[in-house]
1. Report P(r) for the range 104-171: all Cα-Cα distances, bin width 10 Å, range 0 to the bin holding the largest distance, values in whole percent.
2. For a quick check: with amide H placed at 1.01 Å from N, whose amide H comes under 5 Å from L186's, ignoring anything fewer than 5 positions away on the same chain?
3. Give the long-range amide H neighbours of R109: residues separated by 5 or more places, or on another chain, with amide H under 5 Å away, using H modelled in the peptide plane at 1.01 Å from N.
4. Wrap a convex hull around the Cα atoms of the range 128-212, take a quarter of its surface area, and give that in square nanometres.
5. Nothing charged except the Cβ atoms of Lys and Arg (+1) and of Asp and Glu (-1): what's the magnitude of the dipole of the range 56-168 about its Cα centre? Round to the nearest 20 debye.
6. Compute the distribution of all C-alpha to C-alpha distances in the range 42-199, in bins of 5 Å from 0, and list the percent of pairs in each, rounded to whole numbers.
7. Within straight cross-link reach of K316, meaning Cα distance under 20 Å, which lysines are found once same-chain residues fewer than 8 apart are removed?
8. Please list 268-275, 159-166 highest first by mean number of surrounding beta-carbon atoms within 10 Å per residue.
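The numbers here are math on the coordinates, done by the rules we state, and not lab data. Everything numeric in this text was worked out from a predicted model, so none of it was measured. Cβ placement follows ideal geometry from the backbone for every residue including glycine, while neighbour counts extend to all protein chains displayed.
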Amino acid sequence: MANAKNRSSEDTTLGDAPVDLDATPDVVGAVEADAGRGGLARSASLEIERLMASTLAPGLYLVATPIGNLGDITIRALTVLARADVVYCEDTRHSRTLASHYRIGSPLRPYHEHNGAAQRPRILAELDAGKRIALISDAGTPLVSDPGFKLVREAAAAGHRVESLPGPSAALAALTSAGLPTDRFLFAGFLPPRGTARRSRIAELQTVPATLVLYEAPQRLVECLEDLAAGLGPRPAAVARELTKLHEEVVRGDLVTLAQKFAAKEVRGELAIVVGPPLLGAVTDDAIAFALRAALADSRLKEASRSVAEALGVAKGRVYEIGLRMKSVADDEPDDARGDDRGET
Ligand code: SAM
C-alpha cells in the first residue's frame, strides 16, 4: 500500500534550485523582452519538461479538465495525465478528444455511476500496487456533480495519497461572471427534474443566506426559472450559458424577467443558474401581513401571496404561511369581529 505523505508529489523547484518568487525584477524585464520571440512557449515547454522529468508519486490524482475551451487545462494537469499509469474517465470516447489534442497516450478506462461499484476494488488494487491513477470527468472538476466521491473516500480510508489538481468548473465560472455576491455561495447541483420535488427543494433553499449556484439542462431551464421565481421571489440572478465556448453568454436579470426572456426562445447548450442571496433582511412579517391584507381585498390567498411575494421580493411560501396564520387567527375570532373570509385553505 502506498504511504500518504504530507508534501506535494511535485515540489516547486527548478532542478535542484528552489524558485525564489521575490527575486523577480530582472526576470520580469527578461520575460517581457523575450515574450515576442516565443518566450512564453519556451517557458511553458520548459515547465512541461521539468514536470515530466520529475517523479510522480503513487496515488489518486483528481484532475480538472476543460469545460469547453481545450486551452483551459493546467500544465500540471497535462503532465499528470501523461505520466499516469491509467486515466479513469466517464466516457473514454469523449476523453479521447482531449487526450489526442495533447498527445497523451496513457490508457483510458471508464469510471462512471453505472460501473463505479465494480471498478473501485480494481482501482484500489492498482493503488495498492503503487500505480499512479488519474480520475477525470467529461468536463470540469471531477466529483462536482460527477462521479468520484466514493472512490476518494475509499482510497483515503486505505491510506493512499489523494491529490486534487484544481482547474475549470462551470460552477465557479458561472458564479464569478454573474455579478452577484461571491463572499458566500451554496452550490446546489442539479435540482430534481420533476416539478413537485423541484419546488420542495427550492423551498429548502429559500432562507439560505448565500448566492446559489445550480446546474440545469437547457430543456428544463424555463420551468426551473419559473419555479425559482415563484419560490424565491424576483431575486437578481444570471444564466451562464456555454461558458468558455464560442457562443458563451451570461444573461443577467431578476428571476421573473429571466424566466420570461428564456421562455421566448429556444435554449441550447450547457448552462448554470446563479441566484443572488435573499432580499428579505429588512422585510418583516408585519410588513408582509400589511401588504397581504390589502391584496386579499380583491384576490384569493394564492394569488395574493404571489403578488405580495413579487412586490416585496420575498418567498411566496413565506407570504402564504403568514396568510394561513392570519386566517386561523380570524377563524378564532367571534363571528361579528370576522372580516371577509373567502374560504381559501
Ligand atoms: N464537473 C463539472 C464541473 O466541474 O463543472 C460539471 C459536471 S455536470 C454533469 C455538467 C453540468 O455542468 C452541465 O449540465 C451544465 O449545467 C454545467 N456546465 C458544464 N459545462 C458548462 C459550460 N461550458 N457552461 C455552462 N455550464 C456548464
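1. 18, 55, 26, 1
2. T211, L212, V213
3. Placed amide hydrogens put V87, Y88, C89 under 5 Å from R109.
4. Seen from a random direction, the Cα hull of the range 128-212 projects 7.8 nm² on average.
5. 300
6. 2, 8, 17, 20, 18, 15, 10, 7, 2, 1, 0, 0
7. Leaving aside lysines fewer than 8 places away in the same chain, those within reach of K316 are K302, K327.
8. By packing density, highest mean first, the sequence is 268-275, 159-166.
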